[in-house]
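What follows is a set of notes on a single structure, which appears directly below.
The values are calculated or read from the model by the stated rules, or taken from the named source; none is laboratory data. Remember, it's a predicted structure, so these values are computed and weren't measured experimentally. With ideal geometry, Cβ positions are generated from the backbone for all residues, glycine too; neighbour counts draw on all protein chains shown.
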Ligand code: FAD
Ligand code: NAD
């Protein structure tokens, strides 16, 4: 990258919270000539979530789907600050954010406050548990890279414990029961990956145990993947049946005990599912910092789902704050596709705002210099044009999911209809779509190499 422009105190400051899908798309497209930009996030990298389920069984290595945020910001025109910190308070009146270093190693300063002129709020969401007893204590989630690593270790821990000398049969059966709660795409993709690990690797290394492994997916609704078309839902259910993945639909988990999931089936009977490893994937809920911001703006922010924004992604009831992605409550699904389009859109909005500010300054100077009325009219019209910012428009590119056994499903909008595709060809399409969406060449090479390594050498069964 070439020489970057330095920090300029005369320019407005844009503080960006988070470096997930929304913020990363924003930073990638941003022309920050007219702004000082500060990025704050508790992790210093972007995570490519669509490939996270593959990390749980070692199909991919976690580092292959991470991209340090500095790799991106060093390409921006003006020098950008990136702080690893967790924001715990946004004051929309004072226009400040407070954040802390919540990592293990701290320096003399581990908390501070900074002001913003514009805030790009994209902190995502946290795991929904519906307050169900025992979930936080006993289940693994699948949202962050450390979640996937934890699952990978626990899978092998269950297998080694089941293999322990003299283990009674009832314990072997429990330890080899892998339960997934939530039949959304996260739960389905994880179950598919787990099945591949079982079929392609564990059978070779633990032949006496592999047949006893049991995968169960529990879903409260009548079917899994409600966002996909009926034929793809049926295809997934059939494929899971073939792969001996049990699906318990119309079954609502009520409590999670240390070794047993307690659920209620459609006949209102209590059913118990003993487990060795439980993965909980029942969607999103607002983070504490978002809930606090909503309560500060309680007269306008009254949705329990997240932040309310207008059609330009401006936070309702606040000045200078834009919000996007999973932290917002909109008509769009909480997906990477939506967040990244919103990020790109906000990058364009910031350019327009900069242009408008420049034109306003020019108009002011022209007035003071006593410019001709025609010149003033033309500048005033340019300000109006620059102020005219089109609302955000979402363009759905389709939905894709991996379901195991080299099969993927895809709902793709074609012309004015919908194309539902499934199977091996869709799997190659899924792979090529994700490889092309990875932000850097480095990630593309790493992911392609991991896929090749898995194919040729198999997955590693070390409990590292
Ligand atoms: P995120 O990407 O979650 O980013 C939030 C950012 O905020 C993170 O950098 C986080 O560290 C940071 N942050 C958190 N708390 C704070 C704080 N207090 N202060 C500052 N920063 C903070 N969507 C798809 O469209 N296709 C898929 O195939 C797909 N697969 C997925 C697979 C999995 C396993 C998961 C979990 C999700 C998947 N999604 C997929 C959904 C997608 O990842 C989310 O919709 C997307 O990440 C939302 O983007 P975001 O920018 O709003 O939030
Ligand atoms: P989700 O909200 O899509 O699905 C959660 C599921 O859990 C729901 O079907 C719900 O009925 C079920 N559930 C809730 N409480 C339950 C209970 N007590 N017992 C049993 N079942 C219960 O969540 P997700 O799969 O984590 O996805 C979150 C978002 O990320 C979604 O918008 C999704 O589209 C997106 N995502 C997309 C992909 C993809 O496109 N391939 C992959 C992963 C995630």
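Of the conditions (1) touching a helix residue (DSSP H, G or I) at 6+ places or on another chain (Cβ under 9 Å); (2) free of Cβ contacts under 8 Å to residues at least 40 places away in the same chain; (3) in a helix (DSSP H, G or I), residue 408 fails just one. Which one is it?
(3)
Conditions tested, residue by residue: (1) away from ligand 2 (no atom under 16 Å from the Cβ); (2) under 26 Å from residue 318 (Cβ atoms); (3) touching a residue at least 40 places away in the same chain (Cβ under 8 Å).
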{"site": "53", "(1), (2), (3)": "no, no, yes"}
{"site": "56", "(1), (2), (3)": "no, no, yes"}
{"site": "59", "(1), (2), (3)": "no, no, yes"}
{"site": "62", "(1), (2), (3)": "yes, no, yes"}
{"site": "65", "(1), (2), (3)": "no, no, yes"}
{"site": "91", "(1), (2), (3)": "yes, yes, yes"}
{"site": "96", "(1), (2), (3)": "yes, yes, no"}
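Checking the condition over 26 Å from residue 249 (Cβ atoms) and either buried (at least 16 other Cβ atoms within 10 Å of the Cβ) or at pLDDT below 95 (or both), which residue from 159, 213 passes?
159
If only one of 395, 378 is loosely packed, with under 15 Cβ neighbours inside 10 Å, part of a loop (DSSP other than H, G, I, E, B) and outside the structural domain of residue 245 (by TED's automatic domain parsing), which one is it?
Details: 378 fails: part of a loop (DSSP other than H, G, I, E, B).
Among 395, 378, only 395 is loosely packed, with under 15 Cβ neighbours inside 10 Å, part of a loop (DSSP other than H, G, I, E, B) and outside the structural domain of residue 245 (by TED's automatic domain parsing).
For the structure I just gave you, tell me whether residue 305 is under 23 Å from residue 126 (Cβ atoms) and assigned by TED's automatic domain parsing to the domain that holds residue 344.
On the way: under 23 Å from residue 126 (Cβ atoms): yes; assigned by TED's automatic domain parsing to the domain that holds residue 344: yes.
Judged against the criteria, residue 305 is a match.
Within the stretch 284-327, track down each residue that is free of Cβ contacts under 8 Å to residues at least 60 places away in the same chain and within 16 Å of ligand 2 (Cβ to nearest atom).
304, 305
Limited to the stretch 417-442, what total is found for residues that are out of contact with any strand residue (DSSP E or B) (no Cβ under 7 Å at 6 or more places or on another chain), modelled with pLDDT of 90 or more and not in a loop (DSSP other than H, G, I, E, B)?
First pass over the stretch 417-442, keeping only residues out of contact with any strand residue (DSSP E or B) (no Cβ under 7 Å at 6 or more places or on another chain): 417, 425, 428, 431-432, 434-438, 441-442.
Those still in the list that are modelled with pLDDT of 90 or more too: 425, 428, 431-432, 434-438, 441-442.
Add one more test, that the residue is not in a loop (DSSP other than H, G, I, E, B), and what stays is 425, 428, 431-432, 434-437, 441-442.
Counting residues in the stretch 417-442 that are out of contact with any strand residue (DSSP E or B) (no Cβ under 7 Å at 6 or more places or on another chain), modelled with pLDDT of 90 or more and not in a loop (DSSP other than H, G, I, E, B) gives 10.
Within the stretch 157-204, take every residue that is touching a strand residue (DSSP E or B) at 6+ places or on another chain (Cβ under 9 Å), more than 12 Å from residue 277 (Cβ to Cβ) and part of a loop (DSSP other than H, G, I, E, B) and give me the one that is nearest to ligand 1 (Cβ to nearest atom).
The qualifying residue nearest to ligand 1 (Cβ to nearest atom) is 182.
Scan the stretch 104-144 for residues that are in a loop (DSSP other than H, G, I, E, B) and in contact with a helix residue (DSSP H, G or I) (Cβ under 7 Å, 6 or more places away or on another chain) and report the count. Quick ask: steps written out before the conclusion?
Filtering the stretch 104-144 for residues in a loop (DSSP other than H, G, I, E, B) gives 104-110, 116-117, 122-125, 128-132, 134, 139, 141-144.
Applying the additional criterion that residues be in contact with a helix residue (DSSP H, G or I) (Cβ under 7 Å, 6 or more places away or on another chain) yields 122-125, 129, 141-142.
Result for the stretch 104-144: 7.
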